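*Asks:* Here's a structure for you.
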Amino acid sequence: MPDPQNQDTSIICQVEVASPLPQWDEFLAKHPDHTIYHHPAWGQIMHQAYGNQPFYLTARCRGEITGILQLVAQKSTLFGHHLCSLPYFDASGILTFDDRAAYAILEKSRELLMQQKADWVELRHLQPMGQSIPVRTDKITMQLPLPLDKETLWQEFSTKVRNKVRKVQQANLQVKEGGLELLDDFYDVYSLNMRDLGSPPHSRRFFQLILEAFPTQTRLFSVYLDGQAVAASFTLTDAKAFRVPWSGTHWRFKNLNTNMQLYWSMLAYATRIKAPCFDFGRSTLDSGTHMFKKQWGAHEIPLYWQFLLADGQNLPDLTPDSQKFRLMVACWKKLPISLVRRLGPRLIRKLS
């Protein structure tokens, strides 16, 4: 956390808290570390999809915007009342040009925590905001710098990976990439995969709102066998990376390694659009998804999820292996998919 003793007290940095969509375009365009996850549209998407309240914190020094933070409130008797920046994504926390603005936003976040009578504020970063704030470090994201063409990328893969891709390409699979026209196929595979993992899925409306908000930065991929979607993904692209926040495979066809075809198709596409990096998304260390992503040559990037805690609160245990979640996960895996699609959005609106 920035040290208040080191702040230049001759310059006043004020932080405004608002719920309407803020005008951050100029600030984001200037900041070298901004990603698509810092765009203020996410708060509106989560409000429209799930009714969660967004709070936009804007720091100004001498009239100029010098820092921003987007928080979304989530309330639940079981999971707690908290504010998160940003639910469902890896790193979209405080973005500033200086420590003075960062400190001011942290202080305003603490005020908002008390005003909302919340249990904690969760800030998700790629770099920690000081050492005094409690932090979770059990998650990583996986990223692969990309060459200029897919031929070079292909040669960088291990022989084992290339053989897996060659083998799955013999299975007569068809790959499509597109937009809204692939949403139903993606959602069928995604929601089924989430059920199998024991996790509630997002609503179809959530994904449609993203497509409408970011029409040129979203791309869906779907792999078909005999006309049936067997693997699919929902991707986002910004100046820093081609990103895969959601993907899944149909459990009945996992023996075909359809996810190898899916990811090779996305990697080839990412090189075609000259993306500098392929962001595989987050994983837990040594999990199956971690090892799958690592085989492509992806590097492990630590995630720092830091918490501002209300008085008397401890760092929340939000891992799927916790006692609170273990029984729920086991039961969820046994539900019919129709029920999962109805109940999932009601649960995930309370989870980050």
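*Asks:* Helix-only mean residue ellipticity at 222 nm, the chain, DSSP H runs n ≥ 4 weighted -39,500 (n - 2.57), per residue, nearest 500. What is it?
*Replies:* -10000 deg cm²/dmol
*Asks:* Any chance you could get the radius of gyration and Dmax over the Cα atoms of segment 140-302, in Å?
*Replies:* Considering segment 140-302 through its Cα atoms, Rg and Dmax are 14.9, 41 Å.
*Asks:* Compute the angle between helix 99-115 and the longest alpha-carbon principal axis of the chain, please, reported from 0 to 90 degrees and rounded to the nearest 10.
*Replies:* Roughly 90 degrees, rounded to the nearest 10.
*Asks:* Sticking with this one: May I ask for the angle, rounded to the nearest 10°, between helix 41-50 and the longest principal axis of the chain, with both axes built from Cα atoms and the value confined to 0 to 90°?
*Replies:* 70
*Asks:* Could I ask something else about it? Using a 10 angstrom cutoff on alpha carbons, build the Gaussian network for the chain and name the most mobile of Gly51, Gly179, Gly288.
*Replies:* Gly288
*Asks:* Who wins for biggest fluctuation among Ser222, Ser132, Ser199 in a Gaussian network model of the chain, springs between alpha carbons below 10 Å?
*Replies:* Evaluated over the chain, the most mobile residue of the options is Ser132.
*Asks:* Lysine pairs in segment 140-302 8 or more apart or on different chains: how many have alpha carbons under 14 angstrom apart?
*Replies:* Details: Lys150/Lys274; Lys160/Lys293; Lys160/Lys294; Lys164/Lys254; Lys164/Lys293; Lys167/Lys254; Lys240/Lys274.
Pairs that pass both the separation and distance tests number 7.
*Asks:* Per 20 Å bin, what is the whole-percent P(r) computed from every C-alpha pair distance within the chain?
*Replies:* Binned Cα distances yield the sequence 28, 58, 14, 0.
*Asks:* For the chain, find the longest principal axis of its Cα atoms and tell me its angle to the long axis of helix 258-272, 0 to 90°, nearest 10.
*Replies:* 60
*Asks:* Would you mind calculating the relative contact order of segment 140-302 from Cα pairs under 8 angstrom and at least 6 residues apart, reporting the percent as a whole number? Present the calculation step by step, with values, prior to reporting the outcome.
*Replies:* Numbers: 270 pairs, mean separation 61.8, N = 163.
Relative contact order comes out at 38 percent.
Only the coordinates and a few stated rules stand behind these numbers; no lab work does. A quick note: this is a predicted structure, and the numbers were derived from the prediction, not measured.
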